[in-house]
Amino acid sequence: RRKHKPQDMKTLIRNIGQIAGIVEESVLRKNGEEMSQTGTLDNAWILIDGERISSFGTMDGCPKDEADEVIDAERGMVLPTFCDSHTHIVFACTREAIERSL
């Protein structure tokens, strides 16, 4: 578990193999068929300002001196998306209860 960071701290995650779950800034939610489309970006970086992602892009445009902390993702995958609780709320029980119902 990570320690709480100051709200004004900037963290750069660089050398990301792939970011998955990217949507246009204007998209507030997805419905129906749109939910099966996952935007991705390869060879990327993410800049986090406090607790929010402030920007991201490909490594050729990676910021140099904007972060207080730099994390090397070592070509790993980053999933900065949220779970849609409306579709997953049915699983709000123990694993054992789900297995018994199968």
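The values are calculated or read from the model by the stated rules, or taken from the named source; none is laboratory data. Keep in mind that what you see is a predicted model, and the values were worked out from it rather than measured. Every residue, glycine as well, gets a Cβ built from its backbone with ideal geometry; the counts of neighbours run over all protein chains shown. Ligands, DNA and RNA are excluded from the accessible area calculation, which covers all protein heavy atoms including side chains. Shrake-Rupley method; radii C 1.70, N 1.55, O 1.52, S 1.80 Å.
Look through Ser26, Ser36, Ser55 and report the one residue that is touching a Leu at 6+ places or on another chain (Cβ under 7 Å) and among the small types (Gly, Ala, Ser).
The match here is Ser55.
Can you tell me which residue in the stretch 24-57 is most open to solvent (accessible area, probe 1.4 Å), limited to those that are in contact with an Asp or Glu (Cβ under 9 Å, 6 or more places away or on another chain) and assigned to a loop (DSSP other than H, G, I, E, B)?
Arg29
So which pairs qualify, if the first residue must be in the stretch 9-28 and at negative phi and at pLDDT 90 or above, the second must be of a type in the set (Ser, Thr, Tyr) and part of a strand (DSSP E or B), the Cβ gap must be under 9 Å, and the two must be at least 6 apart or on different chains?
Lys10/Ser54; Gln18/Thr40; Ile19/Thr40
Given (1) modelled with pLDDT of 90 or more; (2) more than 26 Å from Pro6 (Cα to Cα); (3) acidic (Asp, Glu), where does Asp84 come up short, assuming only one miss?
(1)
May I ask you to list the residues in the stretch 20-51 that are over 18 Å from Ala67 (Cβ atoms) and of a type in the set (Gly, Ala, Ser)?
Once the filter is applied, which keeps residues that are over 18 Å from Ala67 (Cβ atoms) and of a type in the set (Gly, Ala, Ser), the stretch 20-51 yields Ala20, Gly21, Ser26, Gly32, Ser36, Gly39.
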